[in-house]
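Report on one structure; see the data block that follows.
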């Protein structure tokens, strides 16, 4: 199965497309989950959801939906402190999502390099005791295709963890001529693309531009790679970004159509139905 989604499930600007015109914030996840079976789950990176919120997320999504949630940055980006206790507490609270929590995404800052590998390994091991971990690294040494990257990969294989694949070439192929592009250029990672997978659940973050034709040009290799993963019996998770994510659903759907994959996002969306009648 292919899990396909956006970096968020709530964007008011989707009311002319993915969401109905009268959708309220409380409706966004349920409407999103009708057409996409996962999302990148950035919300937990910035704030801890309450028990009530987790229960609502579980109730608002169908049985086949799978969450990928990021470890809070207060844990993943901390230079010191008892990360084990905080991480354990957070993982325990996420069990409210039960089987719908497919992956825990541990996104590290660019400053986390080989000198921190022991601490990174401890976090990956702790996560892997409960869920599959998908580790995102940004330090240049972990892309050296030599000593440091090999050590990282051995660690991931030891815990049956995954390495997040980042492809931001489409974003950086265009000049930052709009506020959204300026912001994306400043915040999004620009790292080498290493198309690799160590488990049954590869995770791809494709960070595109607002130029859908250009995005299509850059994701061509991923059509072949994702199909290869599917043919191998793997379950890929693929998340597609645009600078302000206004076009993220359309980019996901374009990819699914080009992949010739019968994904639910290919259906007509509520906002499209409503505006076609005007």
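Points worth noting:
- Degrees between helix 51-60 axis and first principal axis of the chain (Cα, 0 to 90, nearest 10): 50 degrees
- Compared with the dominant principal axis of the Cα atoms in the chain, helix 248-259 is inclined by about 90°.
- Between helix 117-128 and the chain: long-axis angle, C-alpha atoms, 0 to 90°, nearest 10: 60 degrees
- Proxy reagent accessibility, fewest Cβ within 10 Å first, across 187, 234: 187, 234
- A straight line joining the Cα centroids of the range 120-197 and the range 210-266 runs 19 Å.
- Relative exposure of 68, 104, 226, judged by other C-beta atoms within 10 Å (fewest first): 226, 68, 104
- Among 134, 112, 47: highest mean-square fluctuation, GNM of the chain, C-alpha pairs under 10 Å: 47
- 257, 163 arranged by Cβ crowding within 10 Å, fewest neighbours leading: 257, 163
- Of the options (1) 20.0; (2) 22.4; (3) 19.3, only one is Kirkwood radius over Cα pairs in Å as computed from these coordinates, and that is (3).
- Cα gyration tensor shape of the range 179-278, rounded if a/c is under 1.5, else prolate or oblate by comparing a/b with b/c: oblate
- Helical content alone sets the calculated 222 nm signal of the chain at -11500 deg cm²/dmol, taking -39,500 (n - 2.57) per DSSP H segment of four or more residues and averaging over every residue.
- Taking every C-alpha pair closer than 8 Å and separated by at least 6 residues, the mean separation divided by the residue count of the chain gives a relative contact order of 23 percent.
Bear in mind that the values in this text are calculations on the coordinates, not laboratory data. A quick note: this is a predicted structure, and the numbers were derived from the prediction, not measured. All Cβ positions, even for glycine, are placed from backbone atoms using ideal geometry, and neighbour counts span all protein chains on display.
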